[in-house]
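Working notes, structure below.
The values are calculated or read from the model by the stated rules, or taken from the named source; none is laboratory data. Everything numeric in this text was worked out from a predicted model, so none of it was measured. Cβ placement follows ideal geometry from the backbone for every residue including glycine, while neighbour counts extend to all protein chains displayed.
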């Protein structure tokens with residue numbers, strides 16, 4: 001379940017309050033049910049997934065993709081599976097730990113594990129949002145943000161794209177106040 005950490009050290013856990021605080025940035029947060037059944041649970045619990053297993057897990061959440069495609073025009077999706085033993089994980093994560101934006105929305109549906117999206121508000125204050133299993137987040141194009149992993153360096157998430165070319169980070173050189 002989502003938690004929002006504020007620069008003053010407080011934490012917000014109420015979903016409606018989190019959504020209210022994200023609204024000025026047009027960040028959308030929803031909570032969706034996860035695929036169920038023994039096979040889904042096994043795929044969600046596995047540290048790594050072979051290519052065929054990734055396809056199987058994507059098929060279990062295909063109705064979400066079709067709905068987003070109809071509602072928002074998403075054209076592609078893939079599954080990221082990150083874990084602490086993944087070669088090059090630190091290098092991959094480092095490129096998103098600095099504040100940046102994208103020309104396209106950054107959209108994730110977290111299936112397992114957790115990650116943190118940081119945001120810069122209009123007044124310069126920063127917030128750090130923990131997303132976990134069942135959380136769907138849409139960070140709109142050009143919203144200043146960053147992504148880090150903390151305690152657990154594991155996450156399985158579906159990424160949705162209108163255009164993968166618009167997903168290249170553009171760094172703003174704003175300093176991160178919350179890590």
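Before moving on, here are some points about what is shown:
- Lone unmet requirement of (1) in contact with a strand residue (DSSP E or B) (Cβ under 9 Å, 6 or more places away or on another chain); (2) on the phi < 0 side of the Ramachandran plot; (3) surrounded by 12 or more Cβ atoms within 10 Å (Cβ to Cβ) for residue 86: (1)
- Selection count, the range 48-83, where residues are out of contact with any strand residue (DSSP E or B) (no Cβ under 9 Å at 6 or more places or on another chain) and either in a loop (DSSP other than H, G, I, E, B) or closer than 30 Å to residue 173 by Cβ (or both): 2
- Members of the range 4-15 found to be modelled with pLDDT of 95 or more and not in a loop (DSSP other than H, G, I, E, B), listed by number: 4, 5, 6, 11, 12
- Scan of the range 146-173 for residues that are surrounded by 16 or more Cβ atoms within 10 Å (Cβ to Cβ) and part of a loop (DSSP other than H, G, I, E, B), ordered by number: 149, 153, 154, 162, 169
- Summed over the range 10-40, the residues that are under 19 Å from residue 133 (Cβ atoms), more than 20 Å from the chain's Cα centre (by Cα) and exposed (fewer than 13 other Cβ atoms within 10 Å of the Cβ) give a count of 3.
- When the range 123-145 is filtered for residues that are farther than 19 Å from residue 109 by Cα, touching a strand residue (DSSP E or B) at 6+ places or on another chain (Cβ under 6 Å) and assigned to a loop (DSSP other than H, G, I, E, B), the ones remaining, listed by number, are 142, 144.
- Members of the range 110-126 that are free of Cβ contacts under 8 Å to residues at least 60 places away in the same chain, surrounded by 20 or more Cβ atoms within 10 Å (Cβ to Cβ) and farther than 14 Å from residue 137 by Cα: 113, 120
- Test set (1) under 18 Å from the mean Cα position of the chain (by Cα); (2) at pLDDT 95 or above; (3) more than 20 Å from residue 106 (Cβ to Cβ); (4) loosely packed, with under 13 Cβ neighbours inside 10 Å - residue 52 fails condition number: (1)
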